[in-house]
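The values are calculated or read from the model by the stated rules, or taken from the named source; none is laboratory data. Source: prediction; values computed, not measured. Positions of Cβ are generated from backbone atoms using ideal geometry, with glycine treated the same way; all protein chains shown enter the neighbour counts.
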Protein chains: 2
Amino acid sequence: MKTIGVIGLGVMGASFASRLSHKGYTVYGFERSQETLDIALQKQIIQKGTTEPKTLLKECDLIIIALYPTQILPWIRQYQQTCKDKAILMDISGVKSNIIKPVQAILREDLELISIHPMCGRESRGIQFSDETIFDQANYIVVPTDQNTPEAIELAKQLGVILGVKNISTLSIEEHDRMIGFLSQLTHVIAVSLMNTHENAHLVEYTGDSFHDLTRIAEINEDLWSELFLLNKEILLDETDQFIASIQHFRDVLDQEDAEEMKRLFIQSTKRRKLFNR
Amino acid sequence: MKTIGVIGLGVMGASFASRLSHKGYTVYGFERSQETLDIALQKQIIQKGTTEPKTLLKECDLIIIALYPTQILPWIRQYQQTCKDKAILMDISGVKSNIIKPVQAILREDLELISIHPMCGRESRGIQFSDETIFDQANYIVVPTDQNTPEAIELAKQLGVILGVKNISTLSIEEHDRMIGFLSQLTHVIAVSLMNTHENAHLVEYTGDSFHDLTRIAEINEDLWSELFLLNKEILLDETDQFIASIQHFRDVLDQEDAEEMKRLFIQSTKRRKLFNR
């Protein structure tokens, strides 16, 4: 990794650029907004930046694509002819199946896309909210396919080490999207739906930790998450349906005043949750 | 308040006794378990204790009943004839309608029940988990009815001040049980149902803050919460049905790939949740 290009200097891209610059790497920033580039240059989180990818792109050995998910394929289609020979591309998107497969289907022969997912997003948008310490506690997942070379997979893992993440693991596309569908997307669907259940502003002063913790993620970037949900639609629908069946069962048990089954459900949830205690 | 009796030295009762003793009040403990009484005496969180209520009960001016909800009415029925003339009784249970009304219907003429709810429970059980600092950050709610005297209502508020709670407010029975049904009980139904959606032990290593925060309360005392849910059944069923309708709507919007409605729902949840930020 001699020169790293970061495509998009939003909250995630700028956090990548910042950490990699501070680790001594040469980082070039690619942004449509000159104002964002100016901030990045002033903060010294990139060494060079441009609104016109073609000028600097051919110098980059590694290209980290930190665009909104639906922008990834169009960007690669438009600029891959400008990329350096044998450059490695990485996407960092939160869902994988509908990102990786379309890109690999059109990718220039000598280029390689290796997919990573550092699980450390932020709800706030823009370079002003970037923060390189978000990687410190992150789970970092490498999502290889049979199109990837051992060298690119190794590079992706090595990037996790350089970023200083807490934990590096490898999942298949299907394992990744299923895991994300349950642990991350379904929890956001729940928090959003709870806040939307009915008007609740009059309850603010009575809130305890339970409600506060459960709804924290109901503050959500609507543009990003609507893309992520639609790109993982089938899995998320399935997970949501399973959850609705679970809560509907609980509701029916309560309606029938079946205290024994209610206790069994509490004991099961307690037992399962204990495994997640840190 | 000269002498305070605490009925039941579980995690809540012992926390009350501890704080009130340390504030200089004379506190007597009433417990079926001699072992628990011995611990309470040894820790000096009560001055006297007994397994036989009749001996000390007639000395208590204020009686704080920290029993499981369904035990409150039987206890009062059995022991009210032993209470001191004009003693004040307080229950601390998490639901009110089906506690207060039955008690007030059978209560001795000169006694008075004034209901309080310090929102600071713990999932762990027993005196060994008692902790008087749980009151420091608590919302403390007084739930008077038209059977209560101004003096008893004032005493209940004064007790909140002595306990050192964060915030004291007053709600009617109906307002209280509706608020608890949404903010506390529904959130527990959701967390429990999410953990019970399907087996998930293999996902432990990938968990981020979202899932962790949302499921914390899925570790639950099955005996206490099955009572609380059944005592607030009609309201909790209604809140749960409203939530299921909300998440079902989200599911259908996703299924129809209606990105605009999805964004509207995200924007609404974000706006509502911002009010709850501390």
| message | Looking for something out of contact with any Ser or Thr (no Cβ under 6 Å at 6 or more places or on another chain), in a loop (DSSP other than H, G, I, E, B) and over 22 Å from A:N221 (Cα atoms) - is there at least one such residue anywhere in the range A:70-83? | response | yes
| Answer from A:I153, A:I116 - the residue that is in a helix (DSSP H, G or I) and of a type outside the set (S, T, N, Q) | A:I153
| remark: Of the residues in the range B:194-203 that are at the interface with another protein chain (Cβ under 7 Å from one of its Cβ atoms) and within 17 Å of A:D238 (Cβ to Cβ), the one that is surrounded by the fewest Cβ atoms within 10 Å (Cβ to Cβ) is B:H198
| Among the residues of the range A:226-243 satisfying the criterion of being under 19 Å from A:R122 (Cβ atoms) and in contact (Cβ under 8 Å) with a residue 40 or more places away in the chain, which is farthest from the other protein chains (Cβ to nearest Cβ)? | A:L228
| query | Counting only residues that are under 26 Å from B:R251 (Cβ atoms) and not hydroxyl-bearing (S, T, Y), which one in the range A:259-278 is farthest from the other protein chains (Cβ to nearest Cβ)? | reply | A:E261
| message | Checking the conditions here, which among A:T70, A:T82, A:T55 is surrounded by fewer than 15 Cβ atoms within 10 Å (Cβ to Cβ), over 22 Å from A:E132 (Cβ atoms), of a type in the set (S, T, Y) and in contact (Cβ under 8 Å) with a residue 24 or more places away in the chain? | response | A:T82
| field | For B:I64: the one exception among (1) under 16 Å from the mean Cα position of the chain (by Cα); (2) outside any strand (DSSP E or B) | value | (2)
| query | Of these, A:L186, A:L163, which one is surrounded by 20 or more Cβ atoms within 10 Å (Cβ to Cβ), outside the structural domain of A:E234 (by TED's automatic domain parsing) and modelled with pLDDT of 95 or more? | reply | A:L163
| said: Of everything in the range A:204-224, what is in contact with a Phe, Trp or Tyr (Cβ under 9 Å, 6 or more places away or on another chain), hydrophobic (A, V, I, L, M, F, W, C) and within 7 Å of another protein chain (Cβ to nearest Cβ)? Give them in sequence order. | reply: A:V204, A:F211, A:A218, A:I220
| message | Going residue by residue through the range B:39-49, is there one that turns out to be loosely packed, with under 14 Cβ neighbours inside 10 Å and not aliphatic (A, V, I, L, M)? | response | yes
